[in-house]
Amino acid sequence: MTGIDRTDICEMPKEKIDMRIQQTKESVEECRLKDLMTGYFTEVKLIEKMRNLEVEELTKKLESSQKLVEEYKKKAEESVESLRFESLMTSKIQEKINNITESLEYHKNLVTELNAEKEKGKKIEEGLEDDEDDFDDEEDVDDEEEDEQEDSSEDDEEISDEEESDYEEDEEDNDN
């Protein structure tokens, strides 16, 4: 090279650059000029190759980022579906818990009533409620007597109905 730094060229005014180019053309031999041009072209190719590699690397990073985005979208959709399912199951479980709670309350009330009846039965057996039992027994005896009277009157009616039908059959036989 001619000893001119590239940064110096950028800072020079256009006239000086043109003058330097002219001096270089005149002073540099033709084969040296070819070597310089080959060096510049090689450097340009190297820079282009490096930039292409950078572009390829950035493209690969972009593709991997897009793959990650797709994976995260799928995971997000799965988690949303999972949350919906869990929410649905939670509501169903809560409904069943409420039903079981109501059933338990109902059965608890039944057990309480049965225990009260059991205690009442024990008291009756012990004779603590004899007064009430005597009154109930008298009513039961009266009811039984009335039932017996009704049954006997019904039996009498049935007998008389049977006798009448027998009598009618006998008359028909006699007529023939």
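Brief remarks follow.
- Modelled spin labels at Thr24 and Lys92, positioned 7 Å past Cα toward Cβ, are 8.1 nm from each other.
- Efficiency of FRET from Cβ geometry, Ser103 and Lys123, R₀ 25 Å, rounded to 0.05: 0.25
- Computed FRET value (nearest 0.05) for Leu53 with Ile17, which takes r as the C-beta separation and R₀ as 30 Å: 0.40
- The Rg/Rh ratio of the range 6-128, with both radii computed over alpha carbons and Rh defined as the Kirkwood radius, is 1.85.
Where a number appears in this text, it was derived from the coordinates with a stated rule and is not lab data. Just so we're clear, the structure is a prediction, and the values are computed from it rather than from any experiment. As a convention, Cβ positions derive from the backbone with ideal geometry for all residues, glycine included, and neighbour counts pool all protein chains shown.
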